[in-house]
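The values are calculated or read from the model by the stated rules, or taken from the named source; none is laboratory data. Just so you know, these numbers come straight off a predicted model, no measurement behind them. Cβ coordinates were reconstructed from backbone atoms using ideal geometry, including for glycine residues, and neighbour counts include every protein chain displayed.
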Amino acid sequence: MTVSMPSTREELVSCTSVMVTSYFHLDNELFFAYLDEDCVWVMPNHDICHGILEARAQFKQGWIMPRFEIYDMHFELVESVLGDTAVVMGPYRLLSASDSEQIMAMSQHLAAVWCRSGGVWRIKYLHVSAEWSETVRGEVYPIELSRQTWRYAQAIIAQGLKNGHQPLMVKGEHGELLSVDLVTVLHVQAAGKRCTLHIGDDNGSRTVEAACSLAELEGKLPAGFVRVHRSYIVNRDHVQSVGPEGLVLSDGTCVPVPTKRRAEIRRMLQQGA
């Protein structure tokens with residue numbers, strides 16, 4: 001396998017995103033390609049691997065974790081006074097993939113120290129830490145789960161069977177490929193030839209900018225998403241009420257609805273509910 005190694009500082013954020021995604025998609029060869037031979041890798045369980053050979057030894061018996069989809073990657077480059085050293089760090093969220101036999105959810109934070117040698121950048125130090133999450137014991141599950149996994153399981157039960165709980169893949173503002181958890185999408189708003197996805201979850205409210213038209217995005221969305229206006233698509237499961245001002249969503253947002261279509265849209269929202 002031929003891997004294009006970063007040769008400029010500007011490539012390090014995107015390469016870190018590719019490396020993390022490949023790791024959780026169980027593509028270990030691509031993951032190891034970015035590591036330096038003498039790297040130090042600190043894992044979330046506090047185990048430390050010294051050197052790439054020791055890191056590879058972790059996988060002699062094959063992968064011992066499920067495949068994960070990765071969301072909300074927010075990596076950024078931290079400038080260094082040393083010209084041949086750069087740090088990329090930031091958080092991301094993980095949900096076990098739909099083809100996994102396990103249900104898991106977690107949030108992690110990564111710090112990668114990239115060093116340049118011979119004009120090529122590789123990771124010299126990699127530190128991955130897991131965000132602490134209190135545990136919950138519920139009536140449905142006879143075991144104790146983290147609160148993140150518990151909420152993910154509840155979302156699968158509530159919506160996953162209807163929507164397949166597959167991630168939505170969209171192209172970002174700068175051409176990057178973004179993975180969006182459909183359960184967290186409240187509504188989508190047209191912004192010219194682009195779209196703004198309004199997200200709401202345990203991390204609060206935020207937006208994701210997608211480089212496609214509302215019509216293009218509509219074709220990728222499952223039946224639970226309804227076009228209620230030429231500029232708006234809403235997630236039916238987040239609609240709280242339909243009133244004179246429009247649709248009120250679970251986060252309090254009011255989405256406008258044409259008066260003449262209000263009865264029709266009410267019927268559309270009730271279908272399959």
Checklist entry - On the given criteria, is GLY118 modelled with pLDDT of 80 or more, loosely packed, with under 11 Cβ neighbours inside 10 Å and at positive phi? => result yes
Next on the checklist: So the check is Cβ under 7 Å with 6+ separation or different chains; which pairs have a first residue in the stretch 250-273 that's at negative phi and a second one that's surrounded by 15 or more Cβ atoms within 10 Å (Cβ to Cβ) and in a helix (DSSP H, G or I)?
Outcome noted: SER250/HIS238; VAL257/ILE265; LEU269/ARG236; ALA273/ARG236
Checklist entry - In the set VAL257, VAL208, which member is buried (at least 18 other Cβ atoms within 10 Å of the Cβ), outside the structural domain of SER96 (by TED's automatic domain parsing), farther than 30 Å from GLU131 by Cβ and not aromatic (Phe, Trp, Tyr)? => result VAL257
Item to check | Listing of strands (runs of 3 or more DSSP E) fully contained in the stretch 3-72 that carry 3 or more residues being outside the structural domain of GLY200 (by TED's automatic domain parsing) and acidic (Asp, Glu) | outcome: 35-42
Next on the checklist: Can you confirm whether ARG194 is in the same structural domain as LEU177 (by TED's automatic domain parsing), over 18 Å from the mean Cα position of the chain (by Cα) and more than 25 Å from HIS74 (Cβ to Cβ)?
Outcome noted: no
Checklist entry - What are the pairs, 6+ residues apart or on separate chains, where a residue within the stretch 198-221 that is free of Cβ contacts under 8 Å to residues at least 60 places away in the same chain and at negative phi has its Cβ under 6 Å from a residue that is of a type in the set (Gly, Ala, Ser) and assigned to a strand (DSSP E or B)? => result LEU214/ALA190
Checklist entry - Looking only at the stretch 228-245, which residues are touching a residue at least 12 places away in the same chain (Cβ under 8 Å) and over 30 Å from MET106 (Cα atoms)? => result VAL228, HIS229, ARG230, SER231, TYR232, VAL242
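Yes or no, residue by residue, for (1) within 18 Å of the chain's Cα centre (by Cα); (2) surrounded by fewer than 12 Cβ atoms within 10 Å (Cβ to Cβ); (3) at pLDDT 90 or above:
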| residue | (1), (2), (3) |
| --- | --- |
| VAL3 | no, no, no |
| GLU11 | no, no, no |
| VAL18 | yes, no, no |
| ASP36 | no, no, yes |
| VAL40 | no, no, yes |
| ASN45 | no, yes, no |
| LEU53 | no, yes, no |
| PRO66 | yes, no, no |
Checklist entry - Could you say which residue among ARG230, ARG236 is of a type in the set (Lys, Arg) and loosely packed, with under 15 Cβ neighbours inside 10 Å? => result ARG230
Next on the checklist: Quick test for you: out of VAL226, VAL208, VAL234, VAL188, pick the one residue that is in contact with a Cys (Cβ under 8 Å, 6 or more places away or on another chain) and β-branched (Val, Ile, Thr).
Outcome noted: VAL188
Next on the checklist: Pull out all pairs, ordered by first then second residue, where Cβ-Cβ is under 7 Å, the residues are six or more apart or on different chains, the first lies in the stretch 4-19 and is over 19 Å from TRP41 (Cβ atoms), and the second is modelled with pLDDT of 85 or more and assigned to a loop (DSSP other than H, G, I, E, B).
Outcome noted: SER7/GLY119; VAL13/PHE75
